[in-house]
1. Using the 2.2 N^0.38 Å rule of thumb for compact globular proteins, work out how the range 96-155 stacks up: its C-alpha Rg over that value, please.
2. In nm, what is the difference between 0.36 nm times the number of residues separating residue 370 and residue 299 and their Cα-Cα distance?
3. Lys and Arg at +1, Asp and Glu at -1: add these up for the other residues within a Cβ distance under 10 Å of residue 207 and post the number.
4. Please work out how much length the chain gains when fully extended from residue 691 to residue 671, using 0.36 nm per residue of separation minus the C-alpha to C-alpha distance, in nm with one decimal.
5. Per residue, how much accessible area does the chain have with a 1.4 Å probe, in Å²?
6. Around residue 487, what is the net charge, scoring Lys/Arg as +1 and Asp/Glu as -1 over all other residues with Cβ under 13 Å from its Cβ?
7. If we sort 358-364, 171-177 on the protection proxy, mean other Cβ atoms within 10 Å, highest first, what's the order?
8. Based on the Cβ-Cβ distance of residue 711 and residue 466, what FRET efficiency does E = 1/(1 + (r/R0)^6) give at R0 = 41 Å, to the nearest 0.05?
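The values are calculated or read from the model by the stated rules, or taken from the named source; none is laboratory data. For clarity, every value in this text was computed on a predicted model and none was experimentally measured. FYI the Cβ positions are ideal-geometry reconstructions off the backbone, even for glycines, and counts take in every protein chain you see. Protein only, heavy atoms only, side chains kept; ligands, DNA and RNA dropped before computing areas. Shrake-Rupley method; radii C 1.70, N 1.55, O 1.52, S 1.80 Å.
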Amino acid sequence: MRMRFGLWAVAMFAVGCAIGAVALAQPTTLPSPVPTSQPALPPPPPSLKLLPTTRANPPVVQPELPTTRLKNIVVTSDLDLARDQIAPSLGATTYTVGPNQIQNIPGGEDAPFQQVLLRSPSVVMDSFGQEHVRGEHANLTYRVNGVILPEGLSGFGQELDTHLIDSVTLIDGSLPAQFGFRTAGIVDVTTKTGQALNGGEISTYGGSLDTYEPSALYGGTSGKWEYFFTGSFKQSGIGIENPTASHVPIHDDTDQTHGFAYLSYRIDDTSRVSLLLNGSNADFQIPNSPDVPQSFSLSGVPFFDSRNVNETQNEQNYYGVLSYQKSVDKFSLQASAFSRYGQIHFMPDQAGDLIFLGVAGDVFNSFFTNGVQFDASVVADEHHTIRAGMLADYTSEKLNTSTAVFLTDPTTGLPISDVPTTITDDSANHSTTAGIYVQDEWQLTRSLTLNYGVRLDSFDANFDNETQLSPRINLVWKSDAQTTFHVGYARYFVPPPEQNVQPGTIAKFANTTNAPANFIDDPPKVERSNYYDVGVSRQLSKPWQVNLDGFYKSARNLIDEGQFGAAIIESPFNYAVGTVYGADISSTYKYGGLSTFGNFAWVHTLAHDIDSQQFEFGNDELAYIQAHNIQLDHDSTFTASAGVSDELTKNDLVYVDLLFATGLRRGFANTGQEPVYSPVNLGYQHVFHPDGSPRQLVRLRFDIVNVFDEAYQLRDGTGVGVGAPQYGQRRSFFLGLAYQF
């Protein structure tokens, strides 16, 4: 392990020296956050600046920068631009949702973060607050102000609070070399900043299902300091999707608390240091289904109503990021150190779980990650911009369980007693993930750019040790002022989550009601894939933009995750071979006060032969998947999202939006499919100006979720790695009031 760290350190020292040497060789000029050698694209039409835009970004002025943020920031705008130029999304496909578009979804800033992402192309809704991008399970990287957040545990809490977001950009496709590990998509969050706020807001939001969400935020500047704070609380009677089609779920309350802080100190005109802190603590009741028949007998409990089962789960996530940024002449860098802690604690109903499941397990899963990130760029000459960097982190994961089970007959598998016995197991995993990259943005002509590079990645865990050299290449051609084409290839290296269940743990449950169908337990492996992407973006007219993109991925040891058991904690497993391909189209249009967006996607997935954590599956399903290609459980063949908003006056806004999907997979080996669903949402917002000033205002909004009260099912409890049924939210009414000062 020490030798491996030593090699990474030597490599990064060499990269740093090379970049520094090129930087020192440049003639001294005035600070320029955007390379002056690059031809600037015509600025986006003002009418489009607050709408989501998607395109293969040429490596020049980045169109996804939110103009609302830039027009308000005076002192730090140059450093914000420089930060975006350190690691731009060269050749990848991007889709940006700005602050106005966030207001045009149900709940606005009070909406769960998942709802913001669902208005992007190729994103499909799943249960437990999850979303899937381009037919992949999770595998998303989250960046906050350019700093990558380490992966958390799979749960249903929304750790990112929409209140803190100024804009969010989804980057996918053939990613340039600076993006590694979680590569299905990069969720790039730009937070609100003190100068963009210069004041505060107090709000409350609530309505159906006993929902109540107060929140407060405040920010500003003081000399060289910039600060922003936000806090929110949510209480609701629907914390997890309802397992039945009823309007009101049984035993589904949730209490969620979020806090966020951003502090920035500008050392001089070319450098600053910033601190980002985030924390969330959420309690969930696990919802119940009525009239479930009893499966096991428990001594002293002759009858138990399934409505009264009392399972609960607590989820906590905390992280901190300390960053230093420097931008001078044609050289820019950002260096960060980060720490993250997360835990999930599932608490069973001892009697109820034993009677209905034959197992009652208290599960405590936690992780702690520490790491560093370094990214730098330098304009070498009028044709070349060199970028390089590294990311390294160490994660320790613990799984502590205390499980009550019934002993069974080794021959028949039937319980031999109605008195439970308790099995305790404490296990741990650890891993080191590290990667370095270097790439060159080569301006071949004023309209043609080649971005090529390479990554060296390593995953060293107590259950797996793998390394890969990954080339990346993207070609972007701007054929005219309105049209941009791109084509790219990327080799990906995706480490598995650290949640490896060891053979000794499984062996403890032999001849009990928690015994698996088999005891095969190969550890999770790194997913390796080849990814191809091609697309075009066209500005059909000043207010109207259309984008089309196609992709193809072939993978070895494709990573998937599933829920196995009562605890809502997802565990990883691999398919030996996997293929994902599809296409998406998106469009935005704005004229005057009328704004529209529309996304449509087609995705197809194939996979076979589960080759890790096989004990989680039945023998018949394992045999079938070994011999047949199946579709992944999160495969939704067609998905769409669309929205229209109209500013009736400068203070009045109405909106309507739609989500559509052909349904996720279900049944034995995912051979079935859930029905099509298409909930429609509607809302209205009015802004009051009590003192006549544009700054001080009161915002009143009214939202109707699922206007036509569609009873749609996301899951029916079947499918590979699916543990329970879930339905979408029925018609609900919400009212919000916010005071901005």
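1. Cα-based Rg divided by the globular estimate yields 1.17.
2. 20.8 nm
3. Here the count lands on -3.
4. So the extension gain works out to 1.0 nm.
5. 37 Å²
6. Taking every Cβ under 13 Å from that of residue 487, the sum is -1.
7. Per-residue mean Cβ counts within 10 Å order the peptides as 171-177, 358-364.
8. 0.35
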